[in-house]
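Here's the structure we're looking at; comments come further down.
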């Protein structure tokens with residue numbers, strides 16, 4: 001295994017990025033922001049492509065790569081099989097539901113066709129790899145070179161979808177696409193929680209919720225922090241608030257709110273009564289694994305899909321998108337999550353099932369079958 005470090009995220013503090021997250025690319029302004037981001041993103045991706053060429057010197061039997069990166073073309077250069085990994089259900093077309101990135105509703109008849117949205121987004125973000133393929137990898141041009149679902153000989157390539165069947169059913173995909181279950185990394189025995197955090201969770205009998213937006217940025221972290229504090233008080237709960245990458249600013253600890261920067265989800269979510277999050281694939285999976293009701297406040301990309309899916313599963317109230325995010329709306333959603341007995345029961349049931357899926361084990365079995 002060769003780790004590749006593409007350096008710090010150079011776009012985190014970019015105001016264009018923050019405004020795009022807030023708008024979720026809606027309207028004419030959102031489309032203009034998307035075009036600006038693509039212009040900023042392509043030079044960074046070009047650097048990543050230059051860096052990953054170093055794997056061409058590795059004596060490997062199999063190449064496993066994130067679907068965004070053209071690992072299949074590097075594998076073609078090495079003459080070995082490749083396996084793409086999808087962390088969200090937006091990469092492999094299915095007739096079961098429309099592309100989570102599709103910007104408008106489509107009739108179910110056109111569900112599969114709607115996945116052109118992801119393909120266009122991918123091509124726009126990565127750009128054409130034709131020059132890189134020809135000049136750096138020294139491979140001839142061929143039709144379908146960027147299609148990770150096909151091997152160079154035209155046969156079906158194995159794909160791993162690292163999410164639960166409760167996100168998307170395996171029956172929705174061809175046999176070469178394996179929906180394994182989430183790949184969880186336990187926090188490990190060498191980690192222990194701060195004494196102050198433990199004490200806060202056990203402070204009194206009021207429900208405790210986690211509120212955090214992970215890697216999301218937003219455009220006003222201080223306003224988000226004020227909204228979270230007010231919603232917590234309106235709902236009559238206490239909150240452990242994760243500041244993440246800066247979507248929510250840190251405040252002063254109180255009897256109602258405790259701020260954290262980085263705490264393992266598997267430890268924390270098992271100790272709260274509900275999880276309020278942005279709808280990213282990893283956090284959604286961790287909340288499902290913990291068997292806790294959720295409140296999903298989506299920003300962009302696949303997050304609205306996860307919000308709708310959690311509601312459809314019965315483990316969350318309707319999603320609360322950022323454009324509707326107010327203290328009162330958040331308080332109402334949190335109250336539903338911590339008081340609805342049917343929601344809590346359903347979350348526990350699905351938590352057991354998700355823990356039984358064994359995503360890592362199945363993924364390893366698929367990889368070993370290819371060698």
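For residue 133, the requirement of being buried (at least 17 other Cβ atoms within 10 Å of the Cβ), in a loop (DSSP other than H, G, I, E, B) and over 20 Å from the mean Cα position of the chain (by Cα) is not met. Pairs linking a residue in region 222-235 that is more than 14 Å from residue 324 (Cα to Cα) to a residue that is modelled with pLDDT under 90 and buried (at least 23 other Cβ atoms within 10 Å of the Cβ), with Cβ atoms under 8 Å and 6 or more positions apart or on different chains, are 225/248. Summed over region 266-285, the residues that are without any contact (Cβ under 8 Å) to a residue 60 or more places away in the chain and within 18 Å of the chain's Cα centre (by Cα) give a count of 2. Which condition breaks for residue 300 when tested against (1) within 18 Å of the chain's Cα centre (by Cα); (2) modelled with pLDDT of 95 or more? It is condition (2) that residue 300 fails.
Just checking, does region 200-221 include any residue being in the same structural domain as residue 347 (by TED's automatic domain parsing), buried (at least 16 other Cβ atoms within 10 Å of the Cβ) and without any contact (Cβ under 8 Å) to a residue 40 or more places away in the chain? Yes - at least one qualifying residue is present in region 200-221. Exactly one residue among 263, 283 is under 22 Å from residue 201 (Cβ atoms) and assigned to a loop (DSSP other than H, G, I, E, B), and that residue is 263. Note on region 318-357: residues that are part of a loop (DSSP other than H, G, I, E, B) and free of Cβ contacts under 8 Å to residues at least 24 places away in the same chain amount to 1. For region 176-199: of the residues being within 30 Å of residue 82 (Cα to Cα) and in contact with a strand residue (DSSP E or B) (Cβ under 8 Å, 6 or more places away or on another chain), which is surrounded by the fewest Cβ atoms within 10 Å (Cβ to Cβ)? Here the answer is 176.
In the set (1) assigned to a strand (DSSP E or B); (2) under 26 Å from residue 121 (Cβ atoms), the condition left unmet by residue 276 is number (2).
The values are calculated or read from the model by the stated rules, or taken from the named source; none is laboratory data. This one's a predicted model, so the numbers in the text were calculated from it and none came from an experiment. FYI the Cβ positions are ideal-geometry reconstructions off the backbone, even for glycines, and counts take in every protein chain you see.
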